[in-house]
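Right, one structure below, let's go through it.
The values are calculated or read from the model by the stated rules, or taken from the named source; none is laboratory data. Quick caveat: nothing in here was measured; it's all calculated off a predicted structure. When we count neighbours, we look across all protein chains shown, and the Cβ atoms used for this are built from the backbone with ideal geometry, even at glycine.
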Amino acid sequence: MKRCGWLAMLCGVVLVLAGCTSAAGDGAVVTEMVYVDADGNSITPPTENGGGARPEPGGEVPQATASAPTATTARPVSMQRFTTPDGQTFCSSEPRISGIYGDYDGRPGFVCVNGDTSIPRPNMSRCSQGVNQLGGAAAIGPGWVATGVCSGGWVFNGSTDSYPAATVGQVVQSGPVTCTIEAVDAVSCAQGADGFRLSASAVSAWGNDVTSN
């Protein structure tokens, strides 16, 4: 059986061109495409793709375009050491960090320190008399977190000038710890289920907090 194009007869479908005069009586002829079946009954015009959008004059069916996905989280920036935007809280995952944190006998892998003495410090019995104690400090070690520090001086090896300032909203990857800069003076950091938040006025921890009460 010979196949017919969709603009002519298709399995008994007949294309009829009907002419009529416009209502304005100006003599213009409007050509209307009417599709009827073999019995003369009007039917829905067929399409090349079996339904849906009618082909354009060039014979192609318009295709929907997909929009690019929108990012919902910031891409982490790798920095071994950094400060909060106000330059008052210093954080680092460098080796050989000194100090006793939370009066706990363990070596941390990541520490943040703020020198504001108004932040309450925990009871640190292992800290020798006369040695500097700060409440504005937090440390993360293997499976633990602690707040407060006892140290005879600067706990990091590098000078303060070597710490780049992070920006608000930035996500920083420092060793195994991921930090988020929440405000110009606040940062939250975590490794697995253990983490802390340190600002210019307070410090808090969650997870396996080994800080002495």
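Considering segment 100-139 alone, what residues qualify as being part of a loop (DSSP other than H, G, I, E, B), within 24 Å of Ile181 (Cα to Cα) and without any contact (Cβ under 8 Å) to a residue 60 or more places away in the chain? Working first, answer last.
So the first thing to find is which residues in segment 100-139 are part of a loop (DSSP other than H, G, I, E, B), and the list is 102-103, 105-109, 115-131.
From the residues that got through so far, the ones that are within 24 Å of Ile181 (Cα to Cα) too are 102, 108-109, 115-121.
Once the filter is applied, which keeps residues that are part of a loop (DSSP other than H, G, I, E, B), within 24 Å of Ile181 (Cα to Cα) and without any contact (Cβ under 8 Å) to a residue 60 or more places away in the chain, segment 100-139 yields Pro108, Gly115, Thr117, Pro120, Arg121.
Among the numbered criteria (1) surrounded by 14 or more Cβ atoms within 10 Å (Cβ to Cβ); (2) touching a Gly at 6+ places or on another chain (Cβ under 7 Å), which one does Pro120 miss?
(1)
Listed here are the residues, each with its yes/no results for (1) of a type in the set (A, V, I, L, M); (2) surrounded by 13 or more Cβ atoms within 10 Å (Cβ to Cβ).
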site	(1), (2)
Ser125	no, no
Gln129	no, no
Gly135	no, yes
Ile140	yes, yes
Gly143	no, yes
Ala146	yes, yes
Cys150	no, yes
Val155	yes, yes
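Could you identify the single residue in Arg96, Arg54 that is part of a loop (DSSP other than H, G, I, E, B) and modelled with pLDDT under 85?
Values: Arg96 fails: modelled with pLDDT under 85.
Exactly one of Arg96, Arg54 is part of a loop (DSSP other than H, G, I, E, B) and modelled with pLDDT under 85, namely Arg54.
Spot the failing condition for Gly148; the list is (1) in contact with a Gly (Cβ under 9 Å, 6 or more places away or on another chain); (2) assigned to a loop (DSSP other than H, G, I, E, B), and only one is missed.
Of everything listed in (1) in contact with a Gly (Cβ under 9 Å, 6 or more places away or on another chain); (2) assigned to a loop (DSSP other than H, G, I, E, B), Gly148 misses just condition (2).
Output yes when any residue across segment 185-202 is closer than 18 Å to Arg81 by Cβ, assigned to a loop (DSSP other than H, G, I, E, B) and among the polar types (S, T, N, Q), and no when none is.
Among the residues of segment 185-202, not one is closer than 18 Å to Arg81 by Cβ, assigned to a loop (DSSP other than H, G, I, E, B) and among the polar types (S, T, N, Q), which makes the answer no.
Looking only at segment 185-213, count every residue that is modelled with pLDDT under 95 and of a type in the set (Lys, Arg) and tell me the total.
0
Look at Ala183 and say whether it is surrounded by fewer than 18 Cβ atoms within 10 Å (Cβ to Cβ), among the aliphatic types (A, V, I, L, M) and within 17 Å of Pro108 (Cβ to Cβ).
no
Could you list all residues from segment 157-179 that are of a type outside the set (Phe, Trp, Tyr), touching a Ser or Thr at 6+ places or on another chain (Cβ under 7 Å) and either free of Cβ contacts under 8 Å to residues at least 24 places away in the same chain or surrounded by 19 or more Cβ atoms within 10 Å (Cβ to Cβ) (or both)? Steps first, please.
From segment 157-179, those of a type outside the set (Phe, Trp, Tyr) are 157-162, 164-179; that's our starting set.
Now restrict to residues that are touching a Ser or Thr at 6+ places or on another chain (Cβ under 7 Å): 165-166, 171, 173-175, 177, 179.
Residues satisfying the conditions are Ala166, Ser174, Val177, Cys179.
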